[in-house]
Amino acid sequence: MDKADYEALSARLKALAHPERLRILDVLRREPECVCHLEALLGKPQPYVSQQLRLLREAGVICDQKQGQNVFYRVCDPEVLAWLDAFMGPVDGSTYEHHEIVAACVCPKCAPLVPPLAA
């Protein structure tokens, strides 16, 4: 490894060395999610979630894809996925298709599934 390789590895490790970013990555390793879903799931404001996503994206750990008006984020670094499995344990295959419904979320994955409030 040369100096640039160590610096790149250090940047990836720094991106992982934060409790909220680890929570985000734990969600994103299961399936892609949008900012509004992460915001509702974590109970954090949008600017905070966006800042954490920016740091992960700059480190090359996550990628984004626009779908309509939403941007969905996913873990795109296979090495980081392997690290997450080593640190947190593997994700059960059945949970890869599981989306946690959050009542406070208005994302396209949650909104149609949340029953309307009784009048």
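Derivation of every value follows stated rules applied to the coordinates shown; laboratory data play no part. Predicted model, so just to flag it, every value in this text is computed and none were measured. No Cβ is skipped: glycine too gets one built from the backbone with ideal geometry, and neighbour counts run over all protein chains shown.
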> Within the chain, how many Lys pairs sit with Cα atoms under 21 Å apart, leaving out pairs fewer than 8 places apart on the same chain?
Replying inline: 4
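I need the calculated FRET efficiency for the pair Ala86 and Val106, taking r as the beta carbon distance and R₀ as 35 Å, to the nearest 0.05.
Working: r = 35 Å, r/R0 = 0.99.
In this case the efficiency is close to 0.50.
With +1 on each Lys and Arg Cβ and -1 on each Asp and Glu Cβ, how big is the dipole of the chain about its Cα centre, in debye rounded to the nearest 20? List each step's numbers first, then the result.
Details: 13 positive and 16 negative charges, 71 e Å.
Dipole about the Cα centre, nearest 20: 340 debye.
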> If we count other beta carbons within 10 Å of each Cβ, what is the order of Phe72, Phe87, fewest first?
Replying inline: Phe87, Phe72
> With axes computed from alpha carbons, what is the tilt in degrees of helix 3-16 against the longest principal axis of the chain, rounded to the nearest 10 within 0 to 90?
Replying inline: 30
> How large is ³J(HN,Hα) for each residue in segment 34-41, as worked out from phi by the Karplus curve 6.51 cos²θ - 1.76 cosθ + 1.60 (θ = phi - 60°), to whole Hz, x for Gly and Pro?
Replying inline: 9, 4, 5, 5, 4, 4, 5, 5
> Once amide H atoms are built 1.01 Å from N in the peptide plane, which residues 5 or more positions from Glu33, or in another chain, come under 5 Å H to H?
Replying inline: Tyr73
>> Could you give the length gained by full extension between Met1 and Cys63, i.e. 0.36 nm per residue of separation minus their alpha carbon distance, to one decimal place?
In response: 19.8 nm
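When you count, for each residue, the other Cβ atoms within 10 Å and take the mean per peptide, how do 59-69, 26-36 rank with the highest first?
Numbers: 59-69: 14.4, 26-36: 19.5.
So the order, starting with the most tightly packed, is 26-36, 59-69.
Just rank Lys3, Lys14, fewest to most, by other beta-carbon atoms within 10 angstrom.
Working: Lys3 7, Lys14 12.
So the ranking, lowest neighbour count to highest, is Lys3, Lys14.
Consider all pairwise Cα distances in the chain and report the whole-number % of them above 22 Å.
Details: 2548 of 7021 pairs.
Above the 22 Å cut-off, the chain has 36 percent of its Cα pairs.
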